[in-house]
Amino acid sequence: MALFDLPLDELRAYRSESPEPDDFDAFWDKTLQQAREHELDARFEPVETGLSTVEVYDVTFAGFGGHPVKGWLRLPAGAAQPLPLVVEFIGYGGGRGLPHENLLWASTGRAHFAMDTRGQGSAWGGGGGTPDPVGAAPAYPGFMTRGIDAPEDYYYRRVFTDAVRAVEAARSHPLADPARTAVTGGSQGGGIALAVGGLVPDLVAVAPDVPFLCDFPRATTLTDRHPYREIGLFLKTHRGRSADVLRTLSYFDGVHFAARGRAPALFSAALEDQTCPPSTVFAAFNAWAHEDKAIEVYDFNDHEGGGPFQEAEQVRWLGSYA
C-alpha cells in the first residue's frame, strides 16, 4: 500500500478533533481509586528457564476489580542493586508469551516487566494466562466493542487500570528502582503505554511504538483494517449509535492521555501503516504535553514500523533517562 494518509508536513501539524469529556480526569481518578481499594498483592515466583544471563519471575498482581493479572519480571542474572525499570505492554491479541522470550531490556542491564493483557494471548506469540472475568453486552468479535455502551463497562477501562497497577507491582520489587521507571509497547501496547503516561505522573520516559487506540473519530473512518474495523462493523449492525460509541471511546483516546504526558517521549510512525494510520499517531504525538519529545518516521513501512531499527533507537534513547 502506497502512502494513503496526509503528507508528512501536514502530519507534523495535524491536530485531532476528538472531543475530550469534561469529566475525563474525574473518571480516571475514580477508576484508579476503586482499583486501589484492593490490595496489590504482588507475588514474584522464580522460574527455571535454563537461561544463564537472565533471571525470570512469574508475577501475579491485583488489577482492575482485584482480578489477578499475570506478568513476567526479567532481571539481569546476579543483580544486587535496584535497576532502572522498563514496563512493557503487548500488541493486540498477544499475551506475555513464554518466560525465555523478549530478553532485550533485561540484556541492557534493566529490570523488565511484561504485563499480560486480560482476555488476550490467543492470536499470536507464546500465549497468555490472564482471563477477563467481566461480562459485557453484545459485541463484535474481538475486544474493541466489549462494553462499548458505557465508559464504565468498556474493556479498555479494565486494561488501562491493569497497566497502572502493573507499574505499581513492578516498582514493588526490591530490585526495581521506582524513580527510574519507563513504559513502552508497540501497537496496542503503545496505546496502553500512552494511557499509563497520562495516568502515572512520575515516569522518566514513555516510548509508544506505532501506537493504537488514538484519535478514534479519524481512525474508525480512515482505515478498514482490523482492529479499528471492529467498531465500524458493530455500528453497521447497531445503526444510529455512532455518537454514543464515540462518547465512550473518548475516555480511552490516546490523544487525551497524551495531553497529560509528563515525561520525555519517543514515538514512532510508519507512513504506509493502515492498522494505525500515521495521522492518528501524530495526533497523539502532537498532543504530548512534555516538551522533550521525538518521533521516528518510517517512510515505506506498514504496521511493522521500524521493527529492530526502532528497538535499537529506543535502547539508545532510553540511555539518557533510565
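Tell me, please, whether a residue that is in contact with a Phe, Trp or Tyr (Cβ under 9 Å, 6 or more places away or on another chain), acidic (Asp, Glu) and within 16 Å of Ala284 (Cβ to Cβ) can be found in region 199-209. There is at least one residue in region 199-209 that is in contact with a Phe, Trp or Tyr (Cβ under 9 Å, 6 or more places away or on another chain), acidic (Asp, Glu) and within 16 Å of Ala284 (Cβ to Cβ). Only one of the listed residues (Pro201, Pro208, Pro151) is over 25 Å from Arg229 (Cβ atoms) and modelled with pLDDT of 95 or more. That residue is Pro201.
Specify which of the listed residues (Arg118, Arg158) is part of a helix (DSSP H, G or I), under 17 Å from Gly95 (Cα atoms) and in contact with a helix residue (DSSP H, G or I) (Cβ under 7 Å, 6 or more places away or on another chain).
On inspection, the qualifying residue turns out to be Arg158.
Close Cβ contacts (under 7 Å, 6 or more residues apart or on different chains) running from residues in region 54-71 that are more than 11 Å from Arg165 (Cα to Cα) and touching a residue at least 12 places away in the same chain (Cβ under 8 Å) to residues that are of a type in the set (Asp, Glu) and assigned to a strand (DSSP E or B) comprise Tyr57/Glu45; Asp58/Glu45.
Being in a strand (DSSP E or B) and free of Cβ contacts under 8 Å to residues at least 60 places away in the same chain holds for only one residue in Glu296, Glu291, and it is Glu296.
Note on region 236-271: residues that are of a type outside the set (Phe, Trp, Tyr), outside any loop (DSSP other than H, G, I, E, B) and closer than 16 Å to Phe285 by Cα total 9. Within region 264-277, how many residues are buried (at least 24 other Cβ atoms within 10 Å of the Cβ) and either touching a strand residue (DSSP E or B) at 6+ places or on another chain (Cβ under 6 Å) or under 20 Å from Asp25 (Cβ atoms) (or both)? Count: 6. Taking the conditions (1) open to solvent by less than 10 Å² (accessible area, probe 1.4 Å); (2) outside any strand (DSSP E or B) in turn, Pro208 satisfies each one other than (2). Annotation: Tyr140 fulfils all but one of (1) modelled with pLDDT of 95 or more; (2) touching a helix residue (DSSP H, G or I) at 6+ places or on another chain (Cβ under 6 Å); (3) open to solvent by 50 Å² or more (accessible area, probe 1.4 Å); the unmet one is (1). Scanning region 47-103 for residues that are closer than 22 Å to Gly119 by Cβ, of a type outside the set (Val, Ile, Thr) and part of a strand (DSSP E or B) gives Asp58, Phe61, Ala62, Pro68, Lys70, Gly71, Trp72, Leu73, Glu88, Phe89.
You will find that of Ser18, Ser52, the residue that is within 30 Å of Pro217 (Cβ to Cβ) and either surrounded by 14 or more Cβ atoms within 10 Å (Cβ to Cβ) or of a type in the set (Gly, Ala, Ser) (or both) is Ser18 and no other.
Each row is one residue, and each column tells you yes or no for (1) open to solvent by 10 Å² or more (accessible area, probe 1.4 Å); (2) free of Cβ contacts under 8 Å to residues at least 24 places away in the same chain; (3) within 17 Å of Ser320 (Cα to Cα).
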position: Ala77; (1), (2), (3): yes, no, no
position: Pro82; (1), (2), (3): yes, no, no
position: Leu85; (1), (2), (3): no, no, yes
position: Glu88; (1), (2), (3): yes, no, no
position: Gly91; (1), (2), (3): yes, no, no
position: Gly94; (1), (2), (3): no, no, no
position: Leu103; (1), (2), (3): yes, no, no
position: Thr108; (1), (2), (3): yes, no, yes
position: Gly119; (1), (2), (3): yes, no, no
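Given the condition in a loop (DSSP other than H, G, I, E, B) and open to solvent by 10 Å² or more (accessible area, probe 1.4 Å), answer yes or no: does some residue in region 278-287 qualify? There is no residue in region 278-287 that is in a loop (DSSP other than H, G, I, E, B) and open to solvent by 10 Å² or more (accessible area, probe 1.4 Å).
When we screen Gly307, Gly232 for residues that are without any contact (Cβ under 8 Å) to a residue 24 or more places away in the chain, within 22 Å of Trp105 (Cβ to Cβ) and either touching a helix residue (DSSP H, G or I) at 6+ places or on another chain (Cβ under 9 Å) or open to solvent by less than 40 Å² (accessible area, probe 1.4 Å) (or both), the only hit is Gly307.
Restricted to region 235-250, and to residues there that are without any contact (Cβ under 8 Å) to a residue 60 or more places away in the chain and basic (Lys, Arg), the residue that is least open to solvent (accessible area, probe 1.4 Å) is Arg241.
Here are Ala26, Ala2: which of them is free of Cβ contacts under 8 Å to residues at least 60 places away in the same chain, more than 23 Å from Asp132 (Cβ to Cβ) and exposed (fewer than 13 other Cβ atoms within 10 Å of the Cβ)?
Ala26 is the lone residue from the list that is free of Cβ contacts under 8 Å to residues at least 60 places away in the same chain, more than 23 Å from Asp132 (Cβ to Cβ) and exposed (fewer than 13 other Cβ atoms within 10 Å of the Cβ).
The values are calculated or read from the model by the stated rules, or taken from the named source; none is laboratory data. Since the structure is predicted, the reported quantities are computational estimates derived from the model, not experimental observations. Methodologically, a virtual Cβ is constructed for each residue, glycine included, from the backbone with ideal geometry; neighbour enumeration extends over all protein chains shown. To get the accessible areas, we keep the full protein, side chains included, count just its heavy atoms, and leave off ligands, DNA and RNA. Shrake-Rupley method; radii C 1.70, N 1.55, O 1.52, S 1.80 Å.
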